[in-house]
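The structure under discussion appears below in the form of structure tokens.
The values are calculated or read from the model by the stated rules, or taken from the named source; none is laboratory data. Source: prediction; values computed, not measured. All Cβ positions, even for glycine, are placed from backbone atoms using ideal geometry, and neighbour counts span all protein chains on display.
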């Protein structure tokens, strides 16, 4: 959704997506710290009514500012002992098709279309080096739109 708002008299500024106020931004920050917060806890932390907190949260979800609530886990503790960034160089105009193919590979935990020396950046998490090798050599390189891959092994990582 695109909104046009008056920045100053006679001028218009184009913004993408919904317009967020300070309370919305604070609510998003609180949810990023703890996605399990109740509406009541949000209301208390933001010093707004519970009805206001629930309405704002519903609007943020409806507007797809908040796109989901998820648990962050330690990959090592769930058996995913090897992680790597894998870069892909792909045939031009193949992103939409490739994105669907990558979504079918459960080891691909994050994907991004990027600009620069390569076209796609993937975060891949596997049970070990053999599984990583299999994902890269047998699954990613087998995709018809993938021209080349490069693998960067992660020794330690920290999510925020």
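Where in region 1-113 are there strands (runs of 3 or more DSSP E), lying fully within it, with 2 or more residues that are closer than 28 Å to residue 158 by Cβ and at pLDDT 95 or above?
Numbers: elements: 2-8, 11-16, 82-90, 108-113.
Of the strands (runs of 3 or more DSSP E) lying wholly inside region 1-113, those with at least 2 residues that are closer than 28 Å to residue 158 by Cβ and at pLDDT 95 or above span 82-90, 108-113.
Among the residues of region 123-160, those identified as modelled with pLDDT of 95 or more, over 16 Å from residue 104 (Cα atoms) and assigned to a loop (DSSP other than H, G, I, E, B) are 127, 128, 155.
A quick yes/no check of all residues on (1) under 19 Å from the mean Cα position of the chain (by Cα); (2) under 13 Å from residue 87 (Cα atoms); (3) not assigned by TED's automatic domain parsing to the domain that holds residue 34:
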position	(1), (2), (3)
121	yes, yes, yes
131	no, no, yes
138	no, no, yes
147	no, yes, yes
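Looking only at region 117-133, residues that are surrounded by 13 or more Cβ atoms within 10 Å (Cβ to Cβ) and free of Cβ contacts under 8 Å to residues at least 40 places away in the same chain come to 6 in all.
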